[in-house]
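First comes the structure, then the notes that go with it.
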Amino acid sequence: MSTNNPYGKVAFYPGCALDGLGKSYDVSLRLVAEDLGLKFERLDDYNCCGALEVKNVNTMAGLLLPARNLSLARKIGANAIMSACPGCHYSLSRTQYYMSKYTKVRDKVNAYLEKMGEKPYDLQLMTIHAVEYFYNTVGVEGIKAKVKRPLTGLKVAPYYGCLYTRPKPYTLAGYMKLKDDPERPIFMDELLKALGAEVVPFEAKTMCCGGPHVYSDVEVALHLEARILKEAKRNGADMLVVDCPLGGVALETNMNKIAEKYGEDLRMPIVYFTQLMAFAFGHSPEEALLTANLTNPMSILKKYL
């Protein structure tokens with residue numbers, strides 16, 4: 001399949017989640033990319049990006065951890081670094097922003113990289129999310145051309161999470177025409193529509209799920225997650241489609257607790273957008289790891305087999 005690739009050579013940064021709890025995201029993403037003829041190089045010897053917490057403990061560590069991954073991407077000649085986790089995307093974009101804007105920060109981070117035996121980072125990468133990657137390369141028509149199981153009648157609520165396009169200074173820097181709207185994103189909506197699914201109105205699509213607080217403040221996390229599920233249920237969604245492993249895992253594992261706490265059954269299947277794409281492209285539920293999801297999406301998707 002011919003693609004319009006505005007990114008050049010792409011390095012894929014899987015992050016900790018996609019090699020762990022988000023394994024089904026990683027597997028389905030690579031299946032879909034292969035189907036679409038998209039090429040990227042998975043980074044070897046990558047490190048944790050520092051997630052969202054490290055910067056609150058040690059500012060320099062919060063910049064240095066992502067900077068090493070950016071340096072590794074440039075080492076293999078990449079022009080862009082793609083992550084599937086919005087938290088990773090945030091960390092990489094944040095470091096890119098601060099190193100580009102502040103000379104002292106750039107010099108200090110690069111000095112540390114050199115002490116570690118890594119090359120200084122030259123700021124020549126675009127930081128992109130997997131949703132943006134698919135949307136800006138093959139696009140809606142390219143997705144439609146690969147669909148073997150149209151998901152006609154399936155009502156979905158696309159949940160992007162709070163960090164997919166935020167904060168704007170980090171994620172919009174330098175290449176705005178390729179970026180989604182930071183307040184009302186539509187790229188995943190359009191990809192899901194291309195599969196034949198119906199996207200329901202969903203005002204909670206960029207609300208925080210409280211994922212980072214699942215263990216430190218359970219009450220807050222459950223409240224935030226319940227808001228998202230209530231909105232999806234209220235608008236008739238059959239399932240919640242996510243692009244964030246942290247949000248996906250938090251919502252899946254807390255669904256029963258939310259039902260108990262609020263006395264309302266808000267349970268529904270949760271899938272990664274790449275799993276739904278792989279299924280619509282003709283892959284079996286086992287290949288897309290849909291059978292591994294805790295919330296049993298096959299209870300709804302079996303009618304499409």
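A few points about this structure:
- Helices (runs of 4 or more DSSP H) enclosed by region 1-115 - at least 1 residues per element that are in contact with a strand residue (DSSP E or B) (Cβ under 7 Å, 6 or more places away or on another chain) and among the small types (Gly, Ala, Ser): 15-18, 23-35, 59-75, 86-101
- Residue match in region 274-291 (condition: surrounded by fewer than 21 Cβ atoms within 10 Å (Cβ to Cβ) and either outside the structural domain of Lys144 (by TED's automatic domain parsing) or part of a helix (DSSP H, G or I) (or both)): yes
- Inclusion of Tyr160 among residues that are modelled with pLDDT of 90 or more, in contact with a strand residue (DSSP E or B) (Cβ under 9 Å, 6 or more places away or on another chain) and among the hydroxyl-bearing types (Ser, Thr, Tyr) is warranted.
- Against the list (1) in contact (Cβ under 8 Å) with a residue 40 or more places away in the chain; (2) out of contact with any helix residue (DSSP H, G or I) (no Cβ under 6 Å at 6 or more places or on another chain); (3) more than 27 Å from Leu38 (Cα to Cα); (4) among the basic types (Lys, Arg), the condition Lys119 fails is (2).
- Only one entry in Arg106, Arg94, Arg74 is charged (D, E, K, R), in the same structural domain as Cys16 (by TED's automatic domain parsing) and at pLDDT below 95, namely Arg94.
- In this structure, Val27 qualifies as of a type in the set (Val, Ile, Thr) and within 16 Å of the chain's Cα centre (by Cα).
- Reported count of residues in region 102-140, each being of a type in the set (S, T, N, Q) and over 30 Å from Phe187 (Cβ atoms), is 2.
- Yes/no for Leu163 being in the same structural domain as Cys209 (by TED's automatic domain parsing), surrounded by 23 or more Cβ atoms within 10 Å (Cβ to Cβ) and either without any contact (Cβ under 8 Å) to a residue 24 or more places away in the chain or not basic (Lys, Arg) (or both): yes
- Long-range neighbours under 8 Å by Cβ, at least six apart or interchain, first residue on the phi > 0 side of the Ramachandran plot within region 3-17, second assigned to a loop (DSSP other than H, G, I, E, B): Gly8/Ala78; Gly8/Asn79; Gly15/Tyr46; Gly15/Cys48; Gly15/Cys49; Gly15/Ala84; Gly15/Cys85
- Test: residue in region 143-152 that is in a helix (DSSP H, G or I), among the β-branched types (Val, Ile, Thr) and under 25 Å from Leu31 (Cβ atoms): yes
The values are calculated or read from the model by the stated rules, or taken from the named source; none is laboratory data. Remember, it's a predicted structure, so these values are computed and weren't measured experimentally. Neighbour counts run over all protein chains shown; Cβ positions are idealised from the backbone, glycine included.
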